[in-house]
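Working notes for the structure below.
The values are calculated or read from the model by the stated rules, or taken from the named source; none is laboratory data. The structure presented is a predicted model; accordingly, all values stated were derived computationally and were not measured. Neighbour counts run over all protein chains shown; Cβ positions are idealised from the backbone, glycine included.
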Amino acid sequence: MAPTIRQFTDKHASAWDRFVSAAPNGTFFHMTGWHDVIEAAFRHRAHYVFAEQDGAITGILPLVHVKSALFGSRLLSLPFCVYGGPLATEAESTVALVNYSIDLAQRLGVRAIEFRSREPIVDDWITRSDLYATFRKAISGNSDDNLKSIPRKQRAVVRKGLENELDVSFVANVDRFHRIYAESVRNLGTPVFSRKYVRLLMDRFRDCAEITTISDRDVPIASVLSFYFRDEVLPYYGGGRPLARRRAAYDLMYWEVMKRAVHRGMRVFDFGRSKFGTGSFAFKKNWGFIPQELSYQYRVKPGATVPDHNPLNPKYRLMINAWKRIPMPLANLIGPAIVRGIG
């Protein structure tokens with residue numbers, strides 16, 4: 001019997017999350033908490049559906065309709081997330097979920113559907129594996145072994161951070177985190193999301209979200225928001241002020257996240273995605289992580305092109321250079337409206 005596609009409601013949340021937690025390819029970003037956070041923070045309509053057979057969930061698909069005057073109308077699985085796409089126990093459910101996304105795209109008149117997956121899901125969709133890589137690595141239950149596993153040159157930088165007598169805090173101070181992160185991304189030439197988004201993440205994922213902050217003589221200089229999922233730790237949003245690099249604060253920060261994860265019984269460190277050819281890509285490789293290509297897949301309307309809203313796109317070069325010089329109050333005021341449409 002073919003699976004039935006059903007609309008997600010709050011009463012399905014527990015069963016959905018149990019399915020994700022049990023699925024080998026399930027990710028933190030497939031969890032239902034993102035449905036509430038994205039709708040509340042960005043006012044995008046979420047279209048979450050699941051496949052059902054004999055009363056049991058056999059597949060799930062988190063979709064969000066992102067509409068923007070600047071960047072067009074798209075269906076994403078999942079905006080503001082690294083991973084997404086259909087997650088199913090068998091091929092029939094995958095096919096049914098993919099077909100649902102195509103029908104919904106036609107009804108909404110969107111320009112493209114985007115699945116952000118680790119591996120290709122649909123055979124005949126456009127696949128881009130040349131843009132992002134993810135960095136995942138098993139970690140030991142012994143922190144000394146983890147330190148030894150870091151390549152020698154990078155290990156020396158971590159030791160420098162340890163010797164610099166920097167302070168480490170795990171206090172969930174959203175305002176402090178956002179100030180540091182906002183300055184960091186402004187200096188890279190990209191807009192920042194709102195404080196409201198961070199507050200919603202910390203509230204919705206209060207049992208598995210943590211902020212780590214590094215301070216130098218009581219001045220916060222680096223901070224990262226991490227998530228825990230199954231046996232994985234995901235340092236997701238991180239940034240720092242210019243002094244952070246000179247004081248090896250980034251290196252100390254991620255080392256402290258790794259130590260904290262070991263203490264909590266985590267066995268996988270997911271360093272997140274980075275664009276090929278960027279400084280963050282090189283930084284993660286220096287830690288001994290091997291890049292794994294991410295396969296983002298697209299289905300576009302006839303005559304349309306694959307969306308390309310990443311900062312490496314040459315058409316955004318002038319905008320990025322100008323944004324690096326924008327005053328922080330103005331960047332924090334107008335940045336969230338721009339980020340909303342990028343997804």
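Considering the range 53-65 alone, what residues qualify as being at pLDDT below 95 and either within 24 Å of F227 (Cα to Cα) or assigned to a strand (DSSP E or B) (or both)?
So the first thing to find is which residues in the range 53-65 are at pLDDT below 95, and the list is 53-56.
Of everything in the range 53-65, those that are at pLDDT below 95 and either within 24 Å of F227 (Cα to Cα) or assigned to a strand (DSSP E or B) (or both) turn out to be Q53, A56.
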Within the range 251-266, residues being in contact (Cβ under 8 Å) with a residue 40 or more places away in the chain and within 19 Å of the chain's Cα centre (by Cα) number 5
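Against the definition (farther than 19 Å from P242 by Cβ and either surrounded by fewer than 20 Cβ atoms within 10 Å (Cβ to Cβ) or of a type in the set (A, V, I, L, M, F, W, C) (or both)), how does V174 come out, yes or no?
On the way: farther than 19 Å from P242 by Cβ: yes; either surrounded by fewer than 20 Cβ atoms within 10 Å (Cβ to Cβ) or of a type in the set (A, V, I, L, M, F, W, C) (or both): yes.
Yes; evaluated as a whole, the condition is true for this residue.
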Since L330 meets every condition but one in (1) of a type in the set (A, V, I, L, M, F, W, C); (2) within 27 Å of R195 (Cα to Cα); (3) in contact (Cβ under 8 Å) with a residue 12 or more places away in the chain, which condition does it not meet? (3)
Answer yes or no: is there a residue in the range 102-114 that is farther than 20 Å from G343 by Cα and in contact (Cβ under 8 Å) with a residue 12 or more places away in the chain. no
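Only one residue in K67, K148 is among the basic types (K, R) and assigned by TED's automatic domain parsing to the domain that holds L252. Which one? I'd like the intermediate steps shown before the answer.
Numbers: K67 fails: assigned by TED's automatic domain parsing to the domain that holds L252.
K148 is the lone residue from the list that is among the basic types (K, R) and assigned by TED's automatic domain parsing to the domain that holds L252.
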Quick check: is even one residue across the range 177-184 more than 16 Å from the chain's Cα centre (by Cα), of a type in the set (G, A, S) and under 30 Å from A331 (Cα atoms)? yes
Answer residue from the range 58-73, given it is of a type outside the set (S, T, Y) and surrounded by fewer than 21 Cβ atoms within 10 Å (Cβ to Cβ) and is farthest from the chain's Cα centre (by Cα) among those: A69
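Name the strands (runs of 3 or more DSSP E) wholly within the range 242-310 that hold at least 3 residues that are in the same structural domain as Y228 (by TED's automatic domain parsing) and either under 30 Å from D167 (Cβ atoms) or aliphatic (A, V, I, L, M) (or both)? Before the answer, list the steps.
Working: elements: 268-275, 291-293, 295-300.
Fully inside the range 242-310 and qualifying: 268-275.
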Can you tell me which residue among R186, R204 is surrounded by 20 or more Cβ atoms within 10 Å (Cβ to Cβ) and not assigned by TED's automatic domain parsing to the domain that holds T27? R186
Filtered residues of the range 221-241 (kept if under 19 Å from F193 (Cα atoms) and assigned to a loop (DSSP other than H, G, I, E, B)): R241
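Conditions (1) surrounded by 14 or more Cβ atoms within 10 Å (Cβ to Cβ); (2) at pLDDT 85 or above; (3) among the polar types (S, T, N, Q), marked per residue:
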{"position": "D270", "(1), (2), (3)": "yes, yes, no"}
{"position": "R273", "(1), (2), (3)": "yes, yes, no"}
{"position": "F276", "(1), (2), (3)": "no, yes, no"}
{"position": "F289", "(1), (2), (3)": "yes, yes, no"}
{"position": "N310", "(1), (2), (3)": "no, no, yes"}
Determine which single condition S280 fails, assuming it passes every other condition in (1) farther than 30 Å from I113 by Cβ; (2) under 15 Å from the mean Cα position of the chain (by Cα). (1)
